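The values are calculated or read from the model by the stated rules, or taken from the named source; none is laboratory data. Predicted model, so just to flag it, every value in this text is computed and none were measured. Positions of Cβ are backbone-derived with ideal geometry, glycine not excepted, and every protein chain shown enters the neighbour counts. Please note that ligands, DNA and RNA were not included when accessible areas were found on the heavy atoms of the full protein model with its side chains. Shrake-Rupley method; radii C 1.70, N 1.55, O 1.52, S 1.80 Å.
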Amino acid sequence: MKKQYTLDDFEGIVRTLRGEHGCAWDRRQTHASLKPFITEEAAELVSSVRIYEKTGNAENMKEELGDILLHIVLHAQIAEEEGLFTLEDVIEGISEKMIRRHPYVFHPESGGPEQVSANWEEIKQKEKEGKEWIESPLREIPQELPALIRTSKVLKKADRLYGTGKSFQENAKRLKEAADKMSKLGPEREDERLQEIFGDMLMSLSEIAAQYRIPSEQILTDRIEDFIERYEPM
């Protein structure tokens, strides 16, 4: 009968790979060296969801989730070797966080989801107290996010904190003005001016995306797929 591996078994496998007689590649990895790989794995997981939606086959999604799990356990193992934390600490932290953020589920006496929704930012704010690595509210949003996603998040948070937001009509007007300016550029394109106008347009589009919860990054990805499909159908 085929062995049914558990999370403990998998943690032991990763520990062995990192051990004295383990794999040379796994042994030389650090938190920093793994950064580009986890970015790729996250993209491949998103791709596997698209494949599942298109084909109904979840095999690739299962595989990609396993790759993500490998990185989680590998990071935790490296951290344990460095005396920072363990995988158990990671599980403990996320378990406490889920219970804390959903009191109406785990502590019904605390009120319903509507009350929790109203206090959502307060709950998150309390979690951040004493976190010295948070430079400021806007810089808390990671630079490593794709630019369209990060811009929408920054603009949305800036509006909530500092009242910087513009209405849909204002942004639509700015887009039209920017398009008019772009159309008047000379044949040499005036690269610096073109980039400036293009940046203004992206900012306005991102603010609209933030206001209306439009997943701009995913929409652009889907449009690119539509374009490819038009010229290179499966």
Please build a GNM for the chain, connecting alpha carbons under 10 Å apart, and tell me which residue among T55, T30, T16 fluctuates the most.
T55
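Within region 1-61, report the trypsin sites (Lys or Arg not before Pro) that DSSP leaves as loop and that have at most 15 other Cβ atoms within 10 Å.
Qualifying residues, ordered by number: K2, K3, R28.
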Mind listing which trypsin sites (Lys or Arg not before Pro) in region 170-234 are in a DSSP loop and have 13 or fewer other Cβ atoms within 10 Å?
K184, R189, R213
Counting only protein heavy atoms with a 1.4 Å probe and every protein chain in place, the carbon and sulfur fraction of the accessible surface of the chain in whole percent equals 57 percent
In sequence order, calculated HN-Hα J values of region 133-142 (Karplus, 6.51, -1.76, 1.60; Hz; x Gly/Pro)
7, 7, 5, 6, x, 7, 6, 5, 6, x
Within the chain, what's the longest stretch lacking chymotrypsin sites (Phe, Trp or Tyr not before Pro) that sit in DSSP loops with no more than 15 other Cβ atoms inside 10 Å?
6-84
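Helix-only estimate, please: 222 nm mean residue ellipticity of the chain, summing -39500 (n - 2.57) across DSSP H runs of length 4 or more and dividing by its residues, to the nearest 500.
Numbers: 12 runs with 163 residues, N = 234.
Helix contribution divided over all residues of the chain: -22500 deg cm²/dmol.
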Residue-normalised accessible area of region 14-72, expressed per residue, 1.4 Å probe, Å²:
68 Å²
Across all Cα atoms of the chain, Rg and the largest Cα-Cα distance (Dmax), in Å, are 23.2, 73
Could you tell me the center-to-center distance, by alpha carbons, between region 194-234 and region 162-191 in angstrom?
16 Å
